[in-house]
Amino acid sequence: MPPRTSSQTPVRSPSQRMEALQKANAIRSQRAQLKKELKNGELEIVAVLQSPPEFLKTAKVMDLLLVVPKFGRVKAARVLTRCRISQAKTVGGLSERQRAELCETLEKRNSAS
């Protein structure tokens, strides 16, 4: 039977799999640390969104907003809707307009609190 082309995952050597797994674990650890710092108030969400580290580019914006103190699912969804951003949007996928509008909205919320 001939090998399938598009619908099957590419064949990887065990060393390639281990490398990918290590990279994924490192990214997860870095994200967990960043989320912890956001939750504890050590980092500002606006600063993170304005110049996100490379490991955060594939993270969902909604997931980041949910760790910010005083932000729940409803408030985060409302902010994203106001900025015309999908809840599935990644940090790296934000356009300049979306990033600027989101940061501006979050800064207004911080100054109002």
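The values are calculated or read from the model by the stated rules, or taken from the named source; none is laboratory data. These numbers were taken from a predicted model, which means no experiment stands behind them. A quick note on method: Cβ atoms are made from the backbone with ideal geometry, for glycine too, and the neighbour counts reach across all protein chains shown.
In this structure, does Val46 turn out to be in contact with a Cys (Cβ under 9 Å, 6 or more places away or on another chain), under 17 Å from Asn110 (Cα atoms) and in a helix (DSSP H, G or I)?
Values: in contact with a Cys (Cβ under 9 Å, 6 or more places away or on another chain): yes; under 17 Å from Asn110 (Cα atoms): yes; in a helix (DSSP H, G or I): yes.
Taking the combined requirement at face value, the residue satisfies it.
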Return a yes/no flag: does the stretch 68-78 have any residue that is at pLDDT below 95, within 17 Å of Gln30 (Cα to Cα) and either surrounded by 14 or more Cβ atoms within 10 Å (Cβ to Cβ) or in contact with a helix residue (DSSP H, G or I) (Cβ under 6 Å, 6 or more places away or on another chain) (or both). yes
Would you confirm, using the coordinates I've provided, whether Lys23 is part of a loop (DSSP other than H, G, I, E, B) and surrounded by fewer than 12 Cβ atoms within 10 Å (Cβ to Cβ)? no
Enumeration of residues in the stretch 68-84 that are aliphatic (A, V, I, L, M) and touching a Lys or Arg at 6+ places or on another chain (Cβ under 9 Å): Val68, Val79, Leu80
List the pairs whose first member sits in the stretch 16-41 and is touching a residue at least 40 places away in the same chain (Cβ under 8 Å) and on the phi > 0 side of the Ramachandran plot, whose second member is assigned to a helix (DSSP H, G or I) and of a type in the set (Val, Ile, Thr), and whose Cβ atoms are under 9 Å apart, counting only residues at least 6 apart or on separate chains? none
Please pick out the residue among Val79, Val74 that is without any contact (Cβ under 8 Å) to a residue 24 or more places away in the chain and over 14 Å from the mean Cα position of the chain (by Cα). Val74
Which condition number in (1) of a type outside the set (Lys, Arg); (2) part of a helix (DSSP H, G or I); (3) in contact with a helix residue (DSSP H, G or I) (Cβ under 6 Å, 6 or more places away or on another chain); (4) closer than 24 Å to Ser29 by Cβ is the one that Leu106 fails? (4)
One residue is enough: does the stretch 80-94 have a residue meeting the conditions exposed (fewer than 11 other Cβ atoms within 10 Å of the Cβ) and either within 21 Å of Ser111 (Cβ to Cβ) or among the polar types (S, T, N, Q) (or both)? no
